[in-house]
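Here the structure comes first, spelled out in structure tokens, and everything after it is commentary.
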Amino acid sequence: MSFAPTHGHLNKTVFLDAGHGGLDPGVVGTSAGGRMVQEKDATLAVATRLMTLLRNDGYVVVMARMQDTTVIKLSSTESNAGAITSSGVHRDLVTRAACANAAGADALVSIHFDGFSDPTVGGTETFYDAARPFAAANRKLATSLQAALVARLGAPDRGIWTDDQLAAPALTISGKTYGHLIELGPPSSGWVDNPSQMPGALVEPLFVTNPSEATIAGDTAGQEKIAQALEAGLQKFFF
Ligand SMILES: [Zn+2]
């Protein structure tokens, strides 16, 4: 879904990917107050707020999703007992990359939240792909977004990572074989036939498995803060 600027026009299009959705909740945590926080809800809330900010800055914004759904309509073999299958996740992710390409986007920002078994672990990290022809722009985008998130949120700075490093393959099923994030990575016949064609980064602003960070991620004021940080990071990337 494409949205025109509400103020001015910069002739730039940003593709916002709210991670997960529908039968794919992503990481599920609990706020300090005991409220369940699902990654898929927090990503959509941040993406929607960021869309408003960017349109007001003069960007065209294309959204991967606007509701609590996967981007694809799951076939009968892509869900099992109310959960999305790995083939469903794969097709959903390649479709998100295809949407970004169809949009002719100048930048792709995939919004996720982190999770870990130890609830005391927290902080901000951002991933990019170093194997693409536009790797330098990927790195610049990741650096800008990470710096803006750390400045605004004050959470521990876990740094930027390339998507072939240790932490990233766990983000996608079968990622160990491919070794990259599907939405950001290079072509791989039969797995990623139409890779994203613009600078991209995947942000993990906070850990929803950390109760104090889940409180921020699940709260409208916290989501607005994250959106403002991502807006500032994109402005720095482009101008
Ligand atoms: Zn995620």
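Within the range 176-207, take every residue that is charged (D, E, K, R) and assigned to a loop (DSSP other than H, G, I, E, B) and give me the one that is nearest to the ligand (Cβ to nearest atom). My answer is 183. The set of residues in the range 4-19 being touching a Phe, Trp or Tyr at 6+ places or on another chain (Cβ under 9 Å), within 30 Å of residue 74 (Cβ to Cβ) and away from the ligand (no atom under 13 Å from the Cβ) consists of 13, 14. For the range 208-239, enumerate the residues that are touching a Pro at 6+ places or on another chain (Cβ under 8 Å) and either modelled with pLDDT under 95 or not in a helix (DSSP H, G or I) (or both). The answer is 209, 210.
Quick grid of which residues meet (1) at pLDDT 95 or above; (2) buried (at least 24 other Cβ atoms within 10 Å of the Cβ):
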position: 82; (1), (2): no, no
position: 86; (1), (2): no, no
position: 127; (1), (2): yes, yes
position: 138; (1), (2): yes, yes
position: 150; (1), (2): yes, no
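Determine if the range 48-62 includes at least one residue that is buried (at least 16 other Cβ atoms within 10 Å of the Cβ) and within 16 Å of the ligand (Cβ to nearest atom). There is no residue in the range 48-62 that is buried (at least 16 other Cβ atoms within 10 Å of the Cβ) and within 16 Å of the ligand (Cβ to nearest atom). Taking the range 57-172 as the region of interest, none of the strands (runs of 3 or more DSSP E) fully inside it holds 2 or more residues being without any contact (Cβ under 8 Å) to a residue 12 or more places away in the chain. Is it the case that residue 36 is in contact with a Phe, Trp or Tyr (Cβ under 9 Å, 6 or more places away or on another chain) and not acidic (Asp, Glu)? No: the conditions fail for residue 36.
All of (1) surrounded by fewer than 19 Cβ atoms within 10 Å (Cβ to Cβ); (2) in contact (Cβ under 8 Å) with a residue 60 or more places away in the chain; (3) within 16 Å of the ligand (Cβ to nearest atom) hold for residue 22 with one exception: (1).
The values are calculated or read from the model by the stated rules, or taken from the named source; none is laboratory data. This is a predicted model, so every value here is computed, not measured. Quick reminder, even Gly has a Cβ in these numbers, built from the backbone with ideal geometry, and neighbours come from all protein chains shown.
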